[in-house]
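Below is one structure, written out as structure tokens; comments come after it.
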Amino acid sequence: MSHVPPALSGAPAPAAARAARPSYEALRAFARNPGALIGLLLLAAILAVVLIGPLVMPADPFEIASAPMEPPGGELLLGSDYMGRDVLTGIIHGGRATLLVGVVAAVLSMAIGITVGALAGYYGGWVDETLMRITEFFQVLPALLFAMVLVTLFSPSLGTIAVAIGVVSWTATARLARGEFLSLKRREYVLAERVIGSSNARIIWRVILPNALAPLIVSATLAIGTAILFEAGLSFLGLGDPNVMSWGLMIGSNRPYILTAWWAVTLPGAAIFLTVLAVSLIGDGLNDALNPKLASKRRS
């Protein structure tokens, strides 16, 4: 008896193929998005500069390289700041600290937000009420002011800044995760897991969360951009780590001289702008690719 492929016999496709098809369609949708591709290429270029650049230019970013406030195009390609430090070296080396703070803060923010939202949405009742009141308390606090207080109470280091940003920026993720869990916990596959005796922990983290990841991934990409801006704002206000070069520290230390040495402030600011723009374009592309409503429109 000859074997007839499922596609020809009308039999359903294997589970792995059915699971892979939405991912493939989302990847194709992302690849067809010009803005998302531009953001991806821009972010790749920025990462190449900040990760490979220090190996090519291993100079100390705090080292005095020339006369103070030397304009671009002279001995130094991008000029020097008010102390005579090379702006190009500072941008290349400072990008590592800025991106590291952004990623760590975003991961911490997502971890807190997903945990709070998942527990609130899954259990409901008094658990939901308590966690949402806590979320509202953090939500009404001025985020930047709260982060300033946390950094001031402790020593201003990269770790302190990352933790402070993560602690003040998780509320939107918590509400998003809660909404997803409220919607998904009544689905048939979740009820089936309860019938077979699966634990609540397994249902939350192994069953519901993977199906709620699409909007959370988009939120995570946007959280990175927000964290980078937070770090720049704290450093601009003089609350950055003075021993580690970062784009925010460059802007903050040179802001009194913006009229006479605009390049020392504008160029690190442009680096922050391009990084946040790249992350935002990638987030928009992921949103378009992973949004089920947009996906159904593409198939129709």
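Whether any residue in the stretch 246-255 is in contact (Cβ under 8 Å) with a residue 40 or more places away in the chain, touching a His at 6+ places or on another chain (Cβ under 6 Å) and either surrounded by 15 or more Cβ atoms within 10 Å (Cβ to Cβ) or not in a helix (DSSP H, G or I) (or both) is what I want to check. Among the residues of the stretch 246-255, not one is in contact (Cβ under 8 Å) with a residue 40 or more places away in the chain, touching a His at 6+ places or on another chain (Cβ under 6 Å) and either surrounded by 15 or more Cβ atoms within 10 Å (Cβ to Cβ) or not in a helix (DSSP H, G or I) (or both), which makes the answer no. Counting only residues that are on the phi < 0 side of the Ramachandran plot, part of a helix (DSSP H, G or I) and out of contact with any Lys or Arg (no Cβ under 9 Å at 6 or more places or on another chain), the stretch 120-145 holds 14 of them.
Which of the residues belonging to the stretch 99-108 are surrounded by 24 or more Cβ atoms within 10 Å (Cβ to Cβ) and over 9 Å from the mean Cα position of the chain (by Cα)? Please lay out each step first, then the result.
Of all residues in the stretch 99-108, those surrounded by 24 or more Cβ atoms within 10 Å (Cβ to Cβ) come to 101-102, 105-106.
Once the filter is applied, which keeps residues that are surrounded by 24 or more Cβ atoms within 10 Å (Cβ to Cβ) and over 9 Å from the mean Cα position of the chain (by Cα), the stretch 99-108 yields only 101.
Looking across 219, 246, one residue alone is closer than 15 Å to residue 103 by Cα, of a type outside the set (D, E, K, R) and touching an Asp or Glu at 6+ places or on another chain (Cβ under 8 Å). It is 246. The residues of the stretch 68-98 that are open to solvent by 40 Å² or more (accessible area, probe 1.4 Å), of a type in the set (D, E, K, R) and free of Cβ contacts under 8 Å to residues at least 40 places away in the same chain amount to a single one, 75. Check 191, 176 and return the single one that is more than 24 Å from residue 279 (Cα to Cα), open to solvent by 40 Å² or more (accessible area, probe 1.4 Å) and part of a helix (DSSP H, G or I). Among 191, 176, only 191 is more than 24 Å from residue 279 (Cα to Cα), open to solvent by 40 Å² or more (accessible area, probe 1.4 Å) and part of a helix (DSSP H, G or I).
Looking at residue 197, is it outside any helix (DSSP H, G or I), over 19 Å from the mean Cα position of the chain (by Cα), touching a residue at least 12 places away in the same chain (Cβ under 8 Å) and surrounded by fewer than 21 Cβ atoms within 10 Å (Cβ to Cβ)? Give the steps one after another, and end with the answer.
Numbers: outside any helix (DSSP H, G or I): yes; over 19 Å from the mean Cα position of the chain (by Cα): yes; touching a residue at least 12 places away in the same chain (Cβ under 8 Å): no; surrounded by fewer than 21 Cβ atoms within 10 Å (Cβ to Cβ): yes.
No: the conditions fail for residue 197.
Of all residues in the stretch 165-184, those that are touching a residue at least 24 places away in the same chain (Cβ under 8 Å) and acidic (Asp, Glu) have Cβ atoms under 8 Å from Cβ atoms of residues that are open to solvent by less than 10 Å² (accessible area, probe 1.4 Å) and outside any helix (DSSP H, G or I), 6 or more apart or on another chain, in 180/212. Residue 266 fulfils the conditions (1) over 22 Å from the mean Cα position of the chain (by Cα); (2) surrounded by 20 or more Cβ atoms within 10 Å (Cβ to Cβ); (3) over 30 Å from residue 154 (Cβ atoms) except for a single criterion, (2).
Looking across the stretch 229-245 at every residue that is crowded, with 24+ Cβ neighbours inside 10 Å and of a type outside the set (Asp, Glu), the one that is nearest to residue 157 (Cα to Cα) is identified as 240.
The values are calculated or read from the model by the stated rules, or taken from the named source; none is laboratory data. Worth saying up front: this structure is predicted, and the values here are computed from it rather than measured. Every residue, glycine among them, receives a Cβ derived from its backbone with ideal geometry; neighbour counts consider all protein chains shown. All accessible areas refer to the heavy atoms of the entire protein, side chains included, with ligands and DNA or RNA removed. Shrake-Rupley method; radii C 1.70, N 1.55, O 1.52, S 1.80 Å.
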